[in-house]
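Below you'll find the structure, written out as structure tokens, and then a few comments.
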Amino acid sequence: MQPDDILKILQQIEFSAPEVKDPTLEGSTEEAVAEGDIVEESVSDKVEESDRLLFDEDSQSIMVDYSIWLDVAKELKGNKDLNFDYLMCIASYDLGSDRLGLAYNLYSNHLKHSLEVKIEFESSVEVPSVASVWRTADWHEREAYDMMGTLFSGHPDMRRILLASDWEGHPLRKDYKEPDYYRGVPVPKDKTAWE
Amino acid sequence: MSSVVGSLNELLVSLFSDISLDVSFLFLLAVIIPGVVIFLIMTVNAIVAVYMERKVSAFMQDRLGPMEVGIFGFKGGKKFWGGIGQTIADAIKLLVKEDIIPNDADRFLMILAPFIIFIGAFVTFIGVPFSEGLIISDFNIGILYVIAMSSVGVIGIILAGWSSNNKWSLYGAMRAAAQIISYEIPIGLSLILVVIVVGSLEMSEIVKWQADNRWFIIHSPFAMLGFFIFFISGVAETNRVPFDIPEAESELVAGWMTEYSGFRWALFFLSEYTNMLIVCIIASVVFLGGWLSPFKIINLPYVDIIPDSFFILDGFYLGLFWLLIKAIFLIFVMMWFRWTFPRLRVDQLMYLCWKVFIPFALGNLVFICIWELLF
Amino acid sequence: MADLLFLFISILVIASAVNVVISSQLIYSAVSLLFTLFGVAGLYVFLYADFMAATQVIIYVGGILVLIIFGVMLTNKIDTPNIVSSSSNQVIGFFAASFLFLIQLAVIVKTDWKQGEVQQIEGTVDVIGSMLLWDYFLAFEVVSILLLAALIGAAFLSRRNA
Amino acid sequence: MGIDNLQDNSSIKADEMVLNMGPQHPSTHGVLRLKIHTDGEIVSKIDPIMGYLHRCFEKHCENLSYEQVVPFVDRCDYLASMHMDHAYSLAVEKLLDIELPERVEYIRVIIAELQRIASHLVAIGTFGLDVGAITPFTWTISDRERVIDLFEALCGARLLYNYIWPGGVSHDLSPKFIDRTIEFLDYFDKKYDEYNELLTGNPIFIERTADVGIIPADVGVDYGVTGPSLRGSGVDYDLRKTDPYSIYEKFEFEVPVGKGEMGTVGDCWDRYWVRMLEMKESMKIVRQAIASIPDGDVHAAMPKRIRPKKGSVYSRYESARGDVGFYIISNGKNVPVRLKMRSPAFCNLSILSEVAEGWMISDVCTILGSLDIVLGEIDR
């Protein structure tokens, strides 16, 4: 299945997703209601509903607004036509001017199709964690936080994973400056020694 | 008294009869000389066994093993004897190595522990025969003595593991203690078989019975089963693969020996190989005819397949030869195990002991009594 | 020579036994007990009771002492090397102990010690064996059943779901 | 990583003990630290702590041109460097959108499958070591040496080859390479049976590995476990079949999956056995590729300078350890803006705490060995 087809399926569902926040509708869980409320409060003035799911022609990927990402993720895994049960990779990237991005690459073992989902956001924003949807995301999100400094909400165990727990800064940011000292040991910056 | 201490004492008394030496002093000499000899045997055994182990493992792993360090003109090249001096070099290295005791370890116990283990192995040797009459002291409780003394080492192991103040060592010590105490039971039970049949605990009596009748291993199916139970439990008792869970290199690093180095570690090593030798000699003496030549497995009174002249193969020196051949073969089998088998898990080890060996050994005990009554 | 050895073993037994009592660290008490039990085994040998000596080593050193050390090591937090024993009620204890000691001393002093002939016995195993299975057979079996019951009881109690 | 207090007493229950397995430990396969909470021999909680080998691989890549990244990629999975080269080259080629000469693809397949054999040999040998069998390790290492000799004849390097480049390979095959490869395959066919005799059928080995550390298929997928570790759970997921890259669709081979022959599907024995069978399949592929390798210039498609268009690409590759992914963002210059590597062993390791909890300390070593991790790749 091609990404634009997937988007169509998603758009059908996702356009009904904001309606879920209507408490009168049946079959809506309390959680979803709460989620929807937050979505409405924080996003409604900034992002138009139609902009929350976009198709990115260049990379053949779907751009998702972070506010609805958890619901989209659940849909991507749960929907029988999509059934993305395998999260291959989460790549974080720095867009400059304090904006970050996350690229999720998904694959379906049953339907044999793959999809890339992108989220781009301000660096201060907390992206909902999808560790509850795909367990792979647990360590990948920790890595993204560790290296890029993306913040996640609802992650079960958010710690640094590769760097020391008292390391300062997030090295993969484009504006990252190496510290002069780490625990009193000077960080070698004279590259002539090894270059 | 057909033992070394006794005959040595007599010899010394007769030698120094003209010089008026105190008799008790001579007795002391007669005790000390065998002690030194035991120590030498232990050392030589460890050196030879380590060399053998390395060559056997090299043979099984498609490689050459030590090839560089030679003595007495044997050196290197493609010859099998290459590297014959390697273990001696290793021993010297161990003795001059820096001895480390961790800061938070219990110093006294940590120093004491290797000596307890060593003395356990050393003292056991007193009751181990090498040939007819070549036994330091032939107690009339022979087998019982060997079992008793070999159980002393475990205390050293526990203390070593505990005093190192290292969690891995502690795990190793716990495993070792549980394992050795458990496997003493099948060992004891399978040795009782021979005691029931022979009616004596004395080593020389046991071999004499085998000379008169047949090797004990073919006494009955139960005796044969008893031999296997004894030997496998013996492998477990000496903490070797597949029962090396107290050391368990890939799990516990080096188990209870983790924090030891240099001389103290050498003592552990010495004791381990000594225990191997003891188990193998006891197995040979009790089940495989001891110092009897293998041409006389069965003593049939009326049928003479092998002419009597063959039996000149028996005797004091040849007896030593045969016993060592048997023991070395069993040691080789132990090494064979080590280089082919994976390691059992600790619960599987216990299962094997308590639910397989002990019931079978107990059954053996009953059946061999019935066998004795019937035949 | 033999007297010297006897003296040495006796001193070893008494000294290590005293250390068992006064040592403040339980683990050292347990280790001292090793020497005590070994020394006692040595004393048995002096009495030509070699079977008793071997049994002493098997049961007390190889079994009970290991159990004690195991227990000491596992009772407290596993990774603290100092498990210290303290004593309470020292005054009362002192008087009670001295009282008992005095009684024993009196018994020792009052006993009319007799010295018999030194007997050379070849071995005690045969005698013990036949005595157990002929003369004291009933007692032997009763003790066996008692021990078996204790064994089963211990196994039952230590099971988790019991 | 390591600075959090080494002995954290606050969170330990009374009868629990915290063991630090590693960073220096014989069976952590490198500098991995496992913080293990144990109750006696039973493991109640495992916290893998890594990063001891972290070399800022991804940050390096942001400062190096595409060609210069290749040696760094090599050093990620140092037991299967060719796979890393290949995976990275595929990603860059996908970004550049170039066609390769047939011969290059054949060479790459031959090399990759030989590398898979070499890597699986180490995995099997160290797995044997983890369960206490020492001899299989020396056997496998000496056989791996033969593959490495082949590679040495090919490109001069024994561990980090820098052989497969974006757009081609560094050298053509040497004339004798094909003969020597066939010689090796014939030799290895016989040796393979010896391994089965020594380790596969050993009752103690089966006792130790069967029914231990079972990864159910759905849990494995959920954790992103890939490669032989996932196929051991019976999931038929091999990128060479499901999403064929290079020229794998031309060859006939099976994708072995765990069937639970000795115990439950997805136990350690299954993972081991899948690796054994995969070596057999790799030999099959190499034989086919050698039989039909065409002539050609291996440098024909090699770009002079690599300057991809603006955009991003995610490319996948089936390495010896699983699904290697490269996510590359390019802004039109000769240096990637962002290069993210999806490390298979990283995801495979993440399932350890789920699988190994409740087993014994010995089993933790077994399970870790059966997952076949390489720390260079986890920490990057």
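The values are calculated or read from the model by the stated rules, or taken from the named source; none is laboratory data. Remember, it's a predicted structure, so these values are computed and weren't measured experimentally. Methodologically, a virtual Cβ is constructed for each residue, glycine included, from the backbone with ideal geometry; neighbour enumeration extends over all protein chains shown. We work out accessible area using only protein heavy atoms, side chains counted, and drop any ligands, DNA or RNA first. Shrake-Rupley method; radii C 1.70, N 1.55, O 1.52, S 1.80 Å.
Structure notes:
- Positions within segment B:328-342 being more than 18 Å from B:Ser233 (Cβ to Cβ) and within 14 Å of another protein chain (Cβ to nearest Cβ), in sequence order: B:Trp339, B:Thr340, B:Pro342
- Residue check for B:Lys208: more than 11 Å from every other protein chain (Cβ to nearest Cβ) and either at pLDDT 85 or above or open to solvent by 20 Å² or more (accessible area, probe 1.4 Å) (or both): yes
- Answer residue from segment D:141-171, given it is open to solvent by less than 50 Å² (accessible area, probe 1.4 Å) and of a type in the set (D, E, K, R) and is farthest from D:Asp189 (Cα to Cα) among those: D:Arg144
- Answer residue from segment A:109-123, given it is in contact with a strand residue (DSSP E or B) (Cβ under 7 Å, 6 or more places away or on another chain) and free of Cβ contacts under 8 Å to residues at least 60 places away in the same chain and is farthest from the other protein chains (Cβ to nearest Cβ) among those: A:Glu122
- Within segment B:123-135, tally of residues that are in contact with a helix residue (DSSP H, G or I) (Cβ under 6 Å, 6 or more places away or on another chain), more than 11 Å from every other protein chain (Cβ to nearest Cβ) and either open to solvent by 30 Å² or more (accessible area, probe 1.4 Å) or without any contact (Cβ under 8 Å) to a residue 40 or more places away in the chain (or both): 1
- Here B:Ser3 meets each of (1) away from every other protein chain (no Cβ under 14 Å); (2) modelled with pLDDT under 70; (3) open to solvent by less than 30 Å² (accessible area, probe 1.4 Å) with one exception, condition (1).
- Qualifying position, being farther than 23 Å from D:Ser315 by Cα and outside any strand (DSSP E or B), among A:Asp138, A:Asp81: A:Asp81
- Whichever residue in segment B:88-110 is assigned to a loop (DSSP other than H, G, I, E, B) and of a type outside the set (Asp, Glu) and, among such residues, is surrounded by the fewest Cβ atoms within 10 Å (Cβ to Cβ): B:Asn103
- The single condition among (1) modelled with pLDDT under 80; (2) in contact with a strand residue (DSSP E or B) (Cβ under 7 Å, 6 or more places away or on another chain) that B:Met203 does not meet is (1).
- Residues of segment B:148-160 that turn out to be open to solvent by less than 30 Å² (accessible area, probe 1.4 Å) and facing chain C (nearest Cβ under 9 Å), as a count: 8
- Residue identified as at pLDDT 85 or above, within 30 Å of B:Cys369 (Cβ to Cβ), out of contact with any Asp or Glu (no Cβ under 9 Å at 6 or more places or on another chain) and within 13 Å of chain C (Cβ to nearest Cβ) among B:Ile181, B:Ile192, B:Ile119: B:Ile192
- Residues in segment B:228-242 that are more than 14 Å from every other protein chain (Cβ to nearest Cβ) and more than 15 Å from the chain's Cα centre (by Cα) were compared, and the one that is surrounded by the most Cβ atoms within 10 Å (Cβ to Cβ) is B:Ile229.
- Residues of segment D:287-312 that turn out to be part of a strand (DSSP E or B) and surrounded by 22 or more Cβ atoms within 10 Å (Cβ to Cβ), as a count: 1
- Residue, most open to solvent (accessible area, probe 1.4 Å), within segment B:49-75, restricted to residues that are modelled with pLDDT of 85 or more and among the aliphatic types (A, V, I, L, M): B:Met52
- Highlighted here are the helices (runs of 4 or more DSSP H) found entirely within segment C:1-73 that include at least 1 residues which are out of contact with any helix residue (DSSP H, G or I) (no Cβ under 6 Å at 6 or more places or on another chain) and open to solvent by less than 20 Å² (accessible area, probe 1.4 Å): C:26-46.
- Residue within segment D:185-205 that is part of a loop (DSSP other than H, G, I, E, B) and surrounded by 21 or more Cβ atoms within 10 Å (Cβ to Cβ) present: yes
- Failed condition for D:Ser174, given (1) modelled with pLDDT of 85 or more; (2) surrounded by fewer than 15 Cβ atoms within 10 Å (Cβ to Cβ): (1)
- A:Asn105 fulfils the conditions (1) without any contact (Cβ under 8 Å) to a residue 24 or more places away in the chain; (2) open to solvent by 10 Å² or more (accessible area, probe 1.4 Å) except for a single criterion, (2).
- Helices (runs of 4 or more DSSP H) wholly inside segment B:146-248 containing at least 2 residues that are more than 23 Å from C:Ile68 (Cβ to Cβ) and touching a residue at least 12 places away in the same chain (Cβ under 8 Å): B:167-198, B:203-212, B:221-237
- Within segment D:73-92, being in contact with a Leu (Cβ under 7 Å, 6 or more places away or on another chain) and open to solvent by 10 Å² or more (accessible area, probe 1.4 Å) holds for D:Arg75, D:Tyr78.
- Residue that is surrounded by the fewest Cβ atoms within 10 Å (Cβ to Cβ) [pool: residues in segment D:344-380 that are within 14 Å of chain A (Cβ to nearest Cβ) and among the polar types (S, T, N, Q)]: D:Ser353
- Residue list for segment D:299-339, restricted to those being at the interface with another protein chain (Cβ under 9 Å from one of its Cβ atoms), basic (Lys, Arg) and in contact with a helix residue (DSSP H, G or I) (Cβ under 8 Å, 6 or more places away or on another chain): D:Arg316, D:Arg338
- Whether a residue is within 12 Å of chain D (Cβ to nearest Cβ), open to solvent by 20 Å² or more (accessible area, probe 1.4 Å), within 12 Å of the chain's Cα centre (by Cα) and within 20 Å of D:Leu352 (Cα to Cα) was assessed, and A:Asp157 does not pass this test.
- Checking B:Ala223 against (1) within 14 Å of chain C (Cβ to nearest Cβ); (2) more than 18 Å from the chain's Cα centre (by Cα), the condition it does not meet: (1)
- Of the residues making up segment D:23-62, those that are in a loop (DSSP other than H, G, I, E, B), open to solvent by 10 Å² or more (accessible area, probe 1.4 Å) and more than 11 Å from chain A (Cβ to nearest Cβ) are D:Pro23, D:Gln24, D:His25, D:Pro26, D:His29, D:Gly30, D:Val31, D:Gly40, D:Glu41.
- Scan segment D:214-232 for residues that are open to solvent by 10 Å² or more (accessible area, probe 1.4 Å) and assigned to a loop (DSSP other than H, G, I, E, B) and the total you get is 3.
- Residue match in segment B:179-200 (condition: in contact with a Cys (Cβ under 7 Å, 6 or more places away or on another chain) and surrounded by 21 or more Cβ atoms within 10 Å (Cβ to Cβ)): yes
- Flag for B:Ser164 being under 24 Å from C:Ala41 (Cβ atoms), modelled with pLDDT under 85, within 13 Å of chain C (Cβ to nearest Cβ) and crowded, with 23+ Cβ neighbours inside 10 Å: no
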